[in-house]
Amino acid sequence: MRRTTRIADAVNRVHHLLLTIVVFGIIYRYCRIDANDPFKCGALLNKGQWLDSDPRWKSENAFQNWQPPGCLLGVYKKEGIQNCFRTRRLVFVGDSTTRQIFWAVAQKMDRDRANAAIDEMLRLEDHRHMDLEFHSHGVMLQFVWDTWLNSTRLEQELKDFEAYPGKDDKSSAGLMVLGAPGLWQARHGQGDYLKGFQRSIDAVNIQMDHNIADATVSRNTFSRRGESPNIILLTPVQVPWYQDLSPSRVETITPEKINEMNNYLRTLSTTKLKILWSYSRMTEGIGGAYEDSGLHVVSNVAHQKADVALHSRCNTAAIGGYPFDGTCCSTYMQPGIAQCFIIFMAMVLPMLLVFRRRFTSLSRRLPSLEVMVALSTFMAVLGYCFYADRTHIFEKAHRHFQFQEFYIACIAVAIAGLLSVRSNESSESEFLNRPQSDEWKGWMQFLVLIYHYTHASPILWIYEIVRLVVASYLFLTGYGHTMYFLQKGDYSFKRVTTVLVRLNLMGCVLPYVMRNDYMFYYFGPLVSFWFVVVFYTLRLGRDYNSNLYFLVAKLLLSVGVVTGITMIPGVLEFVAFILKTLCNISWDVVEWRFRVFLDIYIAFFGMLLAFLVHRRRLLKAGLAPETVLDHILQLSNAWVGIFASVTTILALILIPIFFIVSHGHTKQDYNFWHPYFSIVPIISFIALRNCHQLLRKYHSTLFAWLGKFSLETYVLQYHIWLAGDGKGLLRLGLWDDWVEKVVITLLFLWVSRGVGGATQVLTTWIVDGDVRGDGGSRPGSREGIELGRLERGVLRPGGDDEDKSTGRSNKTGSGEGRSGWRLGGMLVVMWIANITYK
């Protein structure tokens, strides 16, 4: 025990040191290295790289993941463009390379209409040299054919342009993208190409400096209106893919000319004109990025160029609602009351811990030391989530699936898990014992984390495995809660509140800090829902729960009720309407119905198995009379040869999966069959894991360790391991990519473990009202995803906690009334916060 304590203390010290290094490192990077570009606007305009596995080859799936340094480039869609520009125009001026960006934005607004307009344009004889307009959903896009940047139309647009126009001024364009006239100067400018290019750029540059200097509305005033300043962007000269140019173009469009003109643009670094150098990086040395002409880029590259331009204009105002997956050149929303309160408490609580030791009077007015430490930990982690995922202090990066990364992570975790295999305690070698269930949850949670981190969701067979993992969690939810109720007979208010508070404490508080909603962390609500289903199913007619036939009838009735509530149109919609009207809670009914239906029967199978296991234990202990059905059930437990058992079980696992993979080619196909067959591989795994005493006797301590706080890892992963509400990855911007992955992962697991312990203490404090400083009063068993831990051995009647004749708990708890008032007060506070919070 002492050796284990010393190791734990050493691990904690290492993590504290690592956290200190990380905190000071990112503050230094943010305040010193990134001081001139804190919002990553410069990074967006000037740098970046493709994350696609092999972008050299032309493919529909290539060039979809452009990574600016330290930020996330989101995908703008119709709604985002509408909210950004409102009545402002988007103007594109230049040649056919600029026209590609114009059409890319048009396709974002309305792909079908844009494609039809392109086809109509191509049918015109003089379609190459014409101005274009595209209207969609109140937004106007204009393209001006001006290969020299010297047209009267451009001159007028520049005169009308205002970076900070008045509220009613509609003349200025919201975004202007000017294509540098280098290709036409190189091809038709003859010996005077460079001077002609300089004259065109200088004219635009002078007009830009004049208009920005004369702005009459400050940036702060403009931003308070929820708008971004208007902007003019200049593209560099498009470097062609020289190998594919036609012979006539090869003679005139030479690398020397293109380099000279782009070098001149680089001398304008002190000007107000913003140049999109990232466009050159998108095609630099990559032949697959070009169409056959060697001049124009493929569609995916054009769309990424459009997103860069849109982010430069639209993200400079405060980012809208979650997910916050477009962080480049963005200004996060200023902290509100909830965020400021959390940050304040995260600073004050540690000071109170110090002062309470010096002032006895203060100590008497505060909760116990254990509760104060838990509150400090809880608040500090909330603040950590906010600064990590709602500020630019941490960097963000895109996820991109690579089989190699996925396999390496899975193999490394599997090896570590096998190396940590240890023997259970002598009393914990029963069927689906506590260490085994923790182990099961742990390796499944590792798989889910790897699945999210590596962005493996597009891979169908990995998606199917993860769906089985989620079903397994819900199976264990039904099993664990049912086993507890059957053993303890405890259907008290305290029990219900303990479970629900434990499952939802972090998930209910975090949305106020992160400006998302409760349903975002869907697994907490999901396991809470199934706990309530288990509770009411067993609570009604509990005196007859020992009767198998009665219990099965209740299960079937419960199946019908849950199916009806979930699938009958209008029921959930009515509940959502009530929640929105009375509590200002937005509930995505479509998403909830999808989540419930995917595993709508699996928890009931868990309940049934728990009843059978519980009854078998009672029979072994001589506490229940045998029936004919019991004899039949015992025959099914007769041992067969290990070889036959293993091969049969593996067949049961592989056959249904093979069937689904072979006949279902999409996620939708698989999702249709999943609720009906997922029980087969789950039961097969349980049988395999428990088919011999040797297998039940050992477990992986690493997996069991994670399984004890898997709920915390699920919730916190979105903000302190992933980023952008799970759309990207968190980065420090300090070290090598792999070093940062290891550091952030270690901190994430350590923080999750700390929050798990803190949440248990706070749950007991909320429900019981007190937690003794010596640790004597401990929180209830872990529930749901943490799975009702099984009591050791068979519960014997006549114990301190239950009536000898009925098996019901006699602990009514004198504090249940006070607990109800405390919880009621918390709900009132949350209700006020919901209806007033923005």
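The values are calculated or read from the model by the stated rules, or taken from the named source; none is laboratory data. This is a predicted model, so every value here is computed, not measured. Here Cβ is always computed from backbone atoms with ideal geometry, including for glycine, and neighbour counts include all displayed protein chains.
Filter region 706-748 for residues that are touching a His at 6+ places or on another chain (Cβ under 9 Å), surrounded by fewer than 22 Cβ atoms within 10 Å (Cβ to Cβ) and part of a helix (DSSP H, G or I) and give the result.
GLN717, LEU746, LEU747
Return a yes/no flag: does region 314-325 have any residue that is part of a helix (DSSP H, G or I) and over 28 Å from LEU706 (Cα atoms). Outline the logic, then answer.
From region 314-325, those part of a helix (DSSP H, G or I) are 314; that's our starting set.
With the extra rule that they be over 28 Å from LEU706 (Cα atoms), the set shrinks to 314.
Yes, some residue in region 314-325 is part of a helix (DSSP H, G or I) and over 28 Å from LEU706 (Cα atoms).
For SER546, all conditions in the list (1) of a type outside the set (Val, Ile, Thr); (2) surrounded by 14 or more Cβ atoms within 10 Å (Cβ to Cβ); (3) assigned to a helix (DSSP H, G or I); (4) touching a Gly at 6+ places or on another chain (Cβ under 9 Å) hold save one; what is the number of the exception?
In the conditions (1) of a type outside the set (Val, Ile, Thr); (2) surrounded by 14 or more Cβ atoms within 10 Å (Cβ to Cβ); (3) assigned to a helix (DSSP H, G or I); (4) touching a Gly at 6+ places or on another chain (Cβ under 9 Å), SER546 misses (3) alone.
Among the residues of region 34-47, is any of a type in the set (A, V, I, L, M, F, W, C), more than 26 Å from the chain's Cα centre (by Cα), under 25 Å from ARG281 (Cα atoms) and crowded, with 17+ Cβ neighbours inside 10 Å? Please lay out each step first, then the result.
Pass one, region 34-47, residues of a type in the set (A, V, I, L, M, F, W, C): 35, 39, 41, 43-45.
Of the ones still in play, those that are also more than 26 Å from the chain's Cα centre (by Cα) are 35, 45.
Keeping just the survivors that are under 25 Å from ARG281 (Cα atoms) gives 35, 45.
Right, trim to crowded, with 17+ Cβ neighbours inside 10 Å and you get 45.
Yes: region 34-47 contains one or more residues that are of a type in the set (A, V, I, L, M, F, W, C), more than 26 Å from the chain's Cα centre (by Cα), under 25 Å from ARG281 (Cα atoms) and crowded, with 17+ Cβ neighbours inside 10 Å.
Working carefully through the options ILE450, ILE462, ILE415, find the one that is surrounded by fewer than 16 Cβ atoms within 10 Å (Cβ to Cβ), in a helix (DSSP H, G or I) and free of Cβ contacts under 8 Å to residues at least 60 places away in the same chain.
Working: ILE450 fails: surrounded by fewer than 16 Cβ atoms within 10 Å (Cβ to Cβ); ILE462 fails: surrounded by fewer than 16 Cβ atoms within 10 Å (Cβ to Cβ).
Checking each option against the conditions leaves just ILE415.
Among the residues of region 127-138 satisfying the criterion of being modelled with pLDDT of 90 or more and touching a strand residue (DSSP E or B) at 6+ places or on another chain (Cβ under 7 Å), which is farthest from LEU310 (Cα to Cα)? I'd like the intermediate steps shown before the answer.
Of region 127-138, the ones modelled with pLDDT of 90 or more are 130-136.
Imposing the further condition that a residue be touching a strand residue (DSSP E or B) at 6+ places or on another chain (Cβ under 7 Å) reduces the set to 130-134.
Working: MET130: 24, ASP131: 21, LEU132: 19, GLU133: 18, PHE134: 17 Å.
Of everything passing the filter in region 127-138, MET130 is farthest from LEU310 (Cα to Cα).
Restricted to region 48-67, and to residues that are under 20 Å from the mean Cα position of the chain (by Cα) and not polar (S, T, N, Q), which residue is modelled with the lowest pLDDT? Outline the logic, then answer.
Step one: of region 48-67, the residues under 20 Å from the mean Cα position of the chain (by Cα) are 51, 64-67.
Retained after the next criterion (residues that are not polar (S, T, N, Q)): 51, 66.
On the way: LEU51: 91, TRP66: 96.
Filtering first and then ranking leaves LEU51.
With the requirement that a residue be within 30 Å of MET261 (Cβ to Cβ) and either loosely packed, with under 13 Cβ neighbours inside 10 Å or of a type in the set (Lys, Arg) (or both), what does region 134-157 give you? So that I can check it myself, show each step before the final result.
First pass over region 134-157, keeping only residues within 30 Å of MET261 (Cβ to Cβ): 134, 141-157.
THR152, ARG153, GLN156 - these are the residues of region 134-157 that are within 30 Å of MET261 (Cβ to Cβ) and either loosely packed, with under 13 Cβ neighbours inside 10 Å or of a type in the set (Lys, Arg) (or both).
Would you point out which residue out of ALA163, ALA180 is modelled with pLDDT under 90, crowded, with 19+ Cβ neighbours inside 10 Å and among the aliphatic types (A, V, I, L, M)?
Numbers: ALA180 fails: modelled with pLDDT under 90.
Answer to the selection: ALA163.
Mind checking whether some residue in region 499-512 is hydroxyl-bearing (Ser, Thr, Tyr), modelled with pLDDT under 95, over 14 Å from the mean Cα position of the chain (by Cα) and assigned to a loop (DSSP other than H, G, I, E, B)?
Step one: filter region 499-512 for residues hydroxyl-bearing (Ser, Thr, Tyr), giving 512.
If we keep only those that are modelled with pLDDT under 95 too, we end up with 512.
Then keep just the ones that are over 14 Å from the mean Cα position of the chain (by Cα); that gives 512.
So of that shortlist, the ones also assigned to a loop (DSSP other than H, G, I, E, B) come out as none.
Looking for residues that are hydroxyl-bearing (Ser, Thr, Tyr), modelled with pLDDT under 95, over 14 Å from the mean Cα position of the chain (by Cα) and assigned to a loop (DSSP other than H, G, I, E, B), one finds none in region 499-512, hence no.
Residue-by-condition table, conditions (1) more than 30 Å from PHE39 (Cα to Cα); (2) assigned to a helix (DSSP H, G or I); (3) of a type in the set (Lys, Arg):
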{"residue": "HIS400", "(1), (2), (3)": "no, no, no"}
{"residue": "LEU432", "(1), (2), (3)": "yes, no, no"}
{"residue": "GLN436", "(1), (2), (3)": "yes, yes, no"}
{"residue": "VAL466", "(1), (2), (3)": "yes, yes, no"}
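Given the residues LEU476, LEU468, LEU432, which is the only one that is under 30 Å from VAL767 (Cβ atoms) and surrounded by 20 or more Cβ atoms within 10 Å (Cβ to Cβ)? If you could, list the steps in order and put the result at the bottom.
Details: LEU468 fails: under 30 Å from VAL767 (Cβ atoms); LEU432 fails: surrounded by 20 or more Cβ atoms within 10 Å (Cβ to Cβ).
Sole residue among the options that is under 30 Å from VAL767 (Cβ atoms) and surrounded by 20 or more Cβ atoms within 10 Å (Cβ to Cβ): LEU476.
Every residue, every condition in (1) among the β-branched types (Val, Ile, Thr); (2) assigned to a helix (DSSP H, G or I); (3) in contact with a strand residue (DSSP E or B) (Cβ under 8 Å, 6 or more places away or on another chain), yes or no:
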| site | (1), (2), (3) |
| --- | --- |
| PHE63 | no, no, yes |
| ASN83 | no, yes, no |
| LEU90 | no, no, yes |
| GLU125 | no, no, no |
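Quickly run through region 70-85 and pick out the residues that are surrounded by 20 or more Cβ atoms within 10 Å (Cβ to Cβ), within 19 Å of LEU729 (Cα to Cα) and in contact with a helix residue (DSSP H, G or I) (Cβ under 9 Å, 6 or more places away or on another chain).
Just the residues of region 70-85 that are surrounded by 20 or more Cβ atoms within 10 Å (Cβ to Cβ), to begin with: 70-74, 76, 81, 84-85.
With the extra rule that they be within 19 Å of LEU729 (Cα to Cα), the set shrinks to 70-74.
Across region 70-85, the qualifying residues are GLY70, CYS71, LEU73, GLY74.
Quick check: is even one residue across region 329-339 of a type in the set (S, T, N, Q), under 24 Å from ALA104 (Cα atoms), out of contact with any Pro (no Cβ under 9 Å at 6 or more places or on another chain) and part of a loop (DSSP other than H, G, I, E, B)?
Taking every residue of region 329-339 in turn, at least one turns out to be of a type in the set (S, T, N, Q), under 24 Å from ALA104 (Cα atoms), out of contact with any Pro (no Cβ under 9 Å at 6 or more places or on another chain) and part of a loop (DSSP other than H, G, I, E, B).
Specify the residue that is nearest to the chain's Cα centre (by Cα); the eligible residues are those in region 577-592 that are assigned to a helix (DSSP H, G or I) and either among the β-branched types (Val, Ile, Thr) or within 25 Å of PHE672 (Cα to Cα) (or both). Quick ask: steps written out before the conclusion?
Just the residues of region 577-592 that are assigned to a helix (DSSP H, G or I), to begin with: 577-583, 589-592.
Okay, now just the ones that are also either among the β-branched types (Val, Ile, Thr) or within 25 Å of PHE672 (Cα to Cα) (or both), so 578, 581, 589-592.
Values: ILE578: 28, THR581: 28, VAL589: 19, VAL590: 19, GLU591: 15, TRP592: 17 Å.
Result: GLU591.
So, in region 691-705, of the ones that are of a type in the set (A, V, I, L, M, F, W, C) and part of a helix (DSSP H, G or I), which residue ends up farthest from VAL413 (Cα to Cα)?
LEU694
Using the structure shown, decide if SER363 is touching a residue at least 12 places away in the same chain (Cβ under 8 Å) and among the hydroxyl-bearing types (Ser, Thr, Tyr). Break it down into steps so the answer makes sense when it comes.
Values: touching a residue at least 12 places away in the same chain (Cβ under 8 Å): no; among the hydroxyl-bearing types (Ser, Thr, Tyr): yes.
Answer is no for this residue.
Scan region 549-566 residue by residue and report those that are among the aliphatic types (A, V, I, L, M) and either surrounded by 12 or more Cβ atoms within 10 Å (Cβ to Cβ) or not in a helix (DSSP H, G or I) (or both). Break it down into steps so the answer makes sense when it comes.
Taking region 549-566 and keeping what is among the aliphatic types (A, V, I, L, M), we get 551-553, 555-557, 559, 561-562, 565.
Residues satisfying the conditions are LEU551, VAL552, ALA553, LEU555, LEU557, VAL559, VAL561, VAL562, ILE565.
Only one of these conditions is not met by SER280: (1) more than 32 Å from the chain's Cα centre (by Cα); (2) not in a loop (DSSP other than H, G, I, E, B); (3) not acidic (Asp, Glu). Which number is it?
All conditions are met except number (1).
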